[in-house]
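Enquirer: Below is the structure I would like to discuss, written out as structure tokens.
The values are calculated or read from the model by the stated rules, or taken from the named source; none is laboratory data. These figures come from a predicted structure and were not determined experimentally. All Cβ positions, even for glycine, are placed from backbone atoms using ideal geometry, and neighbour counts span all protein chains on display.
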Ligand SMILES: Cc1cc2nc3c(=O)[nH]c(=O)nc-3n(C[C@H](O)[C@H](O)[C@H](O)COP(=O)(O)OP(=O)(O)OC[C@H]3O[C@@H](n4cnc5c(N)ncnc54)[C@H](O)[C@@H]3O)c2cc1C
């Protein structure tokens, strides 16, 4: 991928924003279990950072997706995983379908304020009984006059305690599971929507996660994105951007793990020599850095093809799979070289170790990525009747 001056300027803008507005506060926000999401999103919105690839008509920058991937990479400078994830939910998870398939009225009402940072969004796909098996979700949105009446619940919803809207995947008919679902925009202050207390998590501590309940929630049918029954397909498309964001977002954090570990291993001496002078250690760190470069190359390749309008389901799934696997490998190997210091809660590598664990689970677990890749390689056995 060839980067232009504009890409570099975007990198600089995000770096300055992260250095000045986010990183100085991350330790406190990690302790608090939340960050001032409305304030940070408003500042990011003022810089145009929440609408990089979104249509200019609704306040976006109208740039191609390579700029969003550069942004995802730069958000990885944040010294935790939770805040980049919250930002990614807003930019690459709950708004791509709205931006591409939403009516102008809907985009005016939800996309424009999301891009400006005036509204926080969340994406409601997973349920207690349906995470990997998206087609098996049970929440219903049934027609009543001009409205939908929504009943059900969504589990592990990032940003939901602070969100102004949820982009909801629900069953709008009894038809086949891949063609009976619709994506519906639901304002979170609608009567009948309620949110559980924050869920207590292993990592991603500064992002807010909760369960969302829908009890006879009534919204107009015009809040549906695109055609009825096309929700599953749109969500699968929306997952492509989520997965590219996820892979790109890992790169800088993993490099930080390697870099801080190198610094520590130069300082720390055992048996009269610096840890870094042990071949087993400096070879391992060089190998991990090489793997990170390979992930970067794969992510850029998928992005380049995506920008060219190609279907990148296979490459984006590979990048997501590799990001999850490599995240665990890098953070685990680096933590080892910090010894007892690595086991301390506030150690930066220990935080990365906890945070990156999610990448192999959320947004499609590793095994789901492998299933997609197998299918596209033509080696997935058919279901036995
Ligand atoms: C912190 C956090 C934030 C999240 N944010 C959101 C959000 O904002 N919106 C949202 O909709 N969801 C969100 N999720 C949900 C997330 O996407 C799901 O947890 C994920 O898709 C896995 O679903 P599950 O937990 O139900 O696992 P299950 O589907 O129960 O699967 C459990 C495990 O079984 C394995 N597995 C599953 N199926 C197969 C198979 N066919 N073959 C082999 N192995 C398999 C996998 O290893 C998987 O991890 C979030 C989750 C977390 C933890």
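Enquirer: From the list 244, 285, 254, which residue is more than 30 Å from residue 179 (Cα to Cα) and surrounded by 22 or more Cβ atoms within 10 Å (Cβ to Cβ)?
Expert: None of the other options fit; the residue is 254.
Enquirer: Out of 302, 274, 316, report the one residue that is in contact with a helix residue (DSSP H, G or I) (Cβ under 8 Å, 6 or more places away or on another chain), in contact (Cβ under 8 Å) with a residue 60 or more places away in the chain and on the phi < 0 side of the Ramachandran plot.
Expert: 316 is the lone residue from the list that is in contact with a helix residue (DSSP H, G or I) (Cβ under 8 Å, 6 or more places away or on another chain), in contact (Cβ under 8 Å) with a residue 60 or more places away in the chain and on the phi < 0 side of the Ramachandran plot.
Enquirer: Hey, another quick one. Within the range 121-132, which residues are in a loop (DSSP other than H, G, I, E, B) and more than 6 Å from the ligand (Cβ to nearest atom)?
Expert: Hits for the range 121-132 are 128, 129.
Enquirer: Being surrounded by fewer than 18 Cβ atoms within 10 Å (Cβ to Cβ) and under 30 Å from residue 261 (Cβ atoms) is the filter; apply it to the range 367-385 and report the residue that is nearest to the ligand (Cβ to nearest atom).
Expert: For the range 367-385, the residue satisfying everything is 367.
Enquirer: Of everything in the range 192-236 that's assigned to a strand (DSSP E or B) and within 11 Å of the ligand (Cβ to nearest atom), which residue is farthest from residue 31 (Cα to Cα)?
Expert: 212
Enquirer: Which condition from (1) surrounded by 18 or more Cβ atoms within 10 Å (Cβ to Cβ); (2) under 27 Å from residue 53 (Cβ atoms) is the one that residue 118 breaks?
Expert: If we test residue 118 against (1) surrounded by 18 or more Cβ atoms within 10 Å (Cβ to Cβ); (2) under 27 Å from residue 53 (Cβ atoms), just (1) comes out false.
Enquirer: Could you check, for the range 247-270, whether at least one of its residues is away from the ligand (no atom under 16 Å from the Cβ), out of contact with any helix residue (DSSP H, G or I) (no Cβ under 9 Å at 6 or more places or on another chain) and in a loop (DSSP other than H, G, I, E, B)?
Expert: No, that holds for no residue.
Enquirer: Given the criterion within 24 Å of residue 15 (Cα to Cα) and modelled with pLDDT of 95 or more, identify the matching residue among 78, 157, 166.
Expert: It is 78.
Enquirer: On to the next question. Any idea how many residues of the range 97-120 are within 14 Å of the ligand (Cβ to nearest atom) and either out of contact with any strand residue (DSSP E or B) (no Cβ under 6 Å at 6 or more places or on another chain) or free of Cβ contacts under 8 Å to residues at least 40 places away in the same chain (or both)?
Expert: 1
Enquirer: Please state which of the following conditions residue 60 fails to meet, knowing it meets all the rest: (1) under 24 Å from residue 306 (Cα atoms); (2) surrounded by fewer than 14 Cβ atoms within 10 Å (Cβ to Cβ); (3) under 20 Å from the mean Cα position of the chain (by Cα).
Expert: (2)
Enquirer: Restricting the range 81-96 to residues that are over 12 Å from residue 358 (Cβ atoms) and assigned to a loop (DSSP other than H, G, I, E, B), which is nearest to the ligand (Cβ to nearest atom)?
Expert: The qualifying residue nearest to the ligand (Cβ to nearest atom) is 94.
Enquirer: Residue check: is residue 34 surrounded by fewer than 22 Cβ atoms within 10 Å (Cβ to Cβ) and either under 20 Å from the mean Cα position of the chain (by Cα) or at pLDDT below 95 (or both)?
Expert: So residue 34 fits the description; yes.
Enquirer: Further question on the same structure: In the range 335-366, what residues are more than 10 Å from the ligand (Cβ to nearest atom) and under 18 Å from the mean Cα position of the chain (by Cα)?
Expert: Correct list: 351, 352, 353, 354, 356, 359.
Enquirer: Okay, next question. Which numbered condition trips up residue 330, out of (1) over 17 Å from residue 239 (Cβ atoms); (2) more than 16 Å from the ligand (Cβ to nearest atom); (3) surrounded by fewer than 16 Cβ atoms within 10 Å (Cβ to Cβ)?
Expert: Going through the list (1) over 17 Å from residue 239 (Cβ atoms); (2) more than 16 Å from the ligand (Cβ to nearest atom); (3) surrounded by fewer than 16 Cβ atoms within 10 Å (Cβ to Cβ), residue 330 breaks only (3).
Enquirer: Name the residues in the range 133-181 that are buried (at least 20 other Cβ atoms within 10 Å of the Cβ), part of a loop (DSSP other than H, G, I, E, B) and more than 10 Å from the ligand (Cβ to nearest atom), would you?
Expert: 139, 172
Enquirer: Something else now. Restricting attention to the range 288-323, report how many residues are over 21 Å from the mean Cα position of the chain (by Cα) and either closer than 24 Å to residue 239 by Cβ or surrounded by 13 or more Cβ atoms within 10 Å (Cβ to Cβ) (or both).
Expert: 6
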